[in-house]
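Working notes, beginning with the structure itself.
The values are calculated or read from the model by the stated rules, or taken from the named source; none is laboratory data. A quick note: this is a predicted structure, and the numbers were derived from the prediction, not measured. Cβ: placed from backbone, ideal geometry, glycine included. Neighbour counts: every protein chain shown.
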Amino acid sequence: MKKNEFSKSAVILVVLFAIFSALMIGVNGFTAPIIESNSAAQEYAPLLSVMPEAQNFEPLYLAADSTSSTLMDVPDTVQGIYRETSGLGYVLRMSTTKGYTGDPIELTMAVDAEGKISGIELNAYPETKDFGADYPGTYLGQDSTLADVSLVAGCTYSSVAFKNAVADAFAVLVANNLSAEGVKDASQILMELLPTVYSGIANKSGVLQYEEVVFQGTYAQTSMKALNGSGFAYIMQDGSNAALVICNAKGNCRVFDAEGNDVTDDGTYAAMKDEAMAHTAANIVSNTDADMKRFQAMMADATEIVPVTLENVFSTVSEAFRITVGEEIYFGISARSYGYSNMPMTVYIVVDNTGAIVSMTADELILFKEYFEAYTLDEPSYKAGFQGLTADTWTGEQALISGATMSSDAVATATTDIFEVIPTVLANGGATA
């Protein structure tokens with residue numbers, strides 16, 4: 001090839017390469033915004049669904065890249081936090097595995113500039129127990145107090161998981177000064193105090209298990225009967241004084257003010273306490289006779305069974321008895337905890353005068369009914385596993401059964417509560433060393 005021909009060919013190649021490069025730059029310049037827009041559209045579609053008037057979003061926190069965020073105290077349930085750029089508020093994405101099945105429940109929530117929920121949507125719900133399509137909508141307009149949000153009967157675990165995820169979202173906004181904290185009224189504060197001072201009205205997760213009862217009293221605002229029959233709880237108001245009054249099945253009552261102080265002996269609250277005690281006495285259903293018969297069956301050689309005083313016990317423990325067998329003294333204690341589907345189940349335990357378990361049995365569910373297929377229960381061996389246990393050797397693990405978690409958790413809760421009252425029962429029953 002001649003030199004001038006080679007030069008012409010080189011020039012042509014350079015020109016073609018330049019044209020091709022320019023075309024590629026142009027194509028990339030044209031498609032890049034589209035690619036970026038499509039990516040943003042996929043990411044922001046759920047956000048726009050709960051805040052459709054938004055102009056744009058600025059990510060403040062992404063769980064996948066949490067170290068790059070300056071936000072503090074972000075719970076694991078919060079997957080993303082976005083600020084709406086025109087000042088409309090924030091959108092948060094949450095995921096929780098605390099529901100009934102343990103599979104992720106995912107939701108997206110918009111919080112407006114006033115700190116109230118302006119939009120909320122369920123994105124994934126794998127639960128077998130449905131809390132209903134309308135449930136998320138009950139959160140609209142709520143602030144961080146979630147004062148007017150209730151749980152769904154028969155779907156407690158999943159509705160609790162949903163509510164707790166929303167509470168987590170508010171908590172991180174408040175903790176990082178992105179949103180003002182709502183102000184709880186006295187009734188809500190007292191309601192939240194209830195499972196702490198009266199564990200017998202709540203399940204293992206601390207969720208209240210009660211039915212509201214009609215009570216046209218002078219002071220009672222809300223009256224609740226524990227589903228396990230362990231007693232009543234009352235939110236009461238006397239002028240500017242609000243109080244929580246709890247009464248067990250034996251008629252013992254305690255009074256707490258909105259700051260959590262025990263004001264039982266404060267005369268300011270005497271009228272409220274008297275009203276609650278009178279209502280409890282008129283409406284409580286005693287388990288004494290039924291439980292006495294159960295212990296008689298467990299201790300067939302018993303020559304005497306008499307009730308033992310239980311004062312100020314507000315756990316699942318409901319009855320206690322002194323059992324005489326010849327010259328030996330034993331004590332029977334019953335506790336009504338919440339098992340499968342939060343159904344009350346009764347655990348009966350007999351201890352000797354040192355507090356060691358001699359015998360145990362339980363009504364309902366895992367011992368007397370076949371609610372589950374995922375486990376095999378050797379009932380005699382299960383019961384025998386409790387014999388000899390004391391407060392020092394009891395861990396709770398002895399009660400657990402794989403495949404029957406909720407019911408065996410209920411046995412564990414009841415047994416723990418029983419061990420806590422054994423010293424009082426031994427003392428009140430006149431046990432000998």
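Annotations
- For residue 200: the one exception among (1) part of a helix (DSSP H, G or I); (2) touching a helix residue (DSSP H, G or I) at 6+ places or on another chain (Cβ under 9 Å); (3) over 30 Å from residue 384 (Cβ atoms): (3)
- Residues of the stretch 150-165 satisfying the condition of being more than 13 Å from the chain's Cα centre (by Cα) and at pLDDT 85 or above: none
- Among the candidates 330, 269, the residue that is under 16 Å from residue 426 (Cα atoms) and modelled with pLDDT of 95 or more is uniquely 330.
- Some residue of the stretch 187-200 being modelled with pLDDT under 95 and touching a Pro at 6+ places or on another chain (Cβ under 6 Å): no
- Hey, residue 103 within 25 Å of residue 406 (Cβ to Cβ), charged (D, E, K, R) and modelled with pLDDT under 90 or not: yes
- Looking only at the stretch 182-237, and only at residues there that are β-branched (Val, Ile, Thr) and surrounded by 16 or more Cβ atoms within 10 Å (Cβ to Cβ), the one that is nearest to residue 111 (Cα to Cα): 189
- Residues in the stretch 105-127 that are within 14 Å of residue 170 (Cα to Cα) and not charged (D, E, K, R): 107, 108, 109, 110, 111, 113, 115, 117, 118, 119, 120.
- Filter result (in contact with a helix residue (DSSP H, G or I) (Cβ under 7 Å, 6 or more places away or on another chain), among the hydroxyl-bearing types (Ser, Thr, Tyr) and buried (at least 18 other Cβ atoms within 10 Å of the Cβ)) within the stretch 279-316: 315, 316
- So residue 322, is it in contact with a Pro (Cβ under 6 Å, 6 or more places away or on another chain) and at pLDDT 85 or above: no
- Given (1) assigned to a strand (DSSP E or B); (2) among the aromatic types (Phe, Trp, Tyr); (3) free of Cβ contacts under 8 Å to residues at least 40 places away in the same chain, number of the condition residue 348 does not satisfy: (3)
- Residue in the stretch 90-98 that is out of contact with any Lys or Arg (no Cβ under 9 Å at 6 or more places or on another chain), at pLDDT 95 or above and among the β-branched types (Val, Ile, Thr) present: no
- Close Cβ contacts (under 6 Å, 6 or more residues apart or on different chains) running from residues in the stretch 311-331 that are within 11 Å of residue 353 (Cβ to Cβ) and touching a residue at least 60 places away in the same chain (Cβ under 8 Å) to residues that are among the aliphatic types (A, V, I, L, M) and buried (at least 21 other Cβ atoms within 10 Å of the Cβ) comprise 322/308; 331/351; 331/425.
- Taken residue by residue, the stretch 144-160 has no member that is in contact with a strand residue (DSSP E or B) (Cβ under 6 Å, 6 or more places away or on another chain) and in contact (Cβ under 8 Å) with a residue 60 or more places away in the chain.
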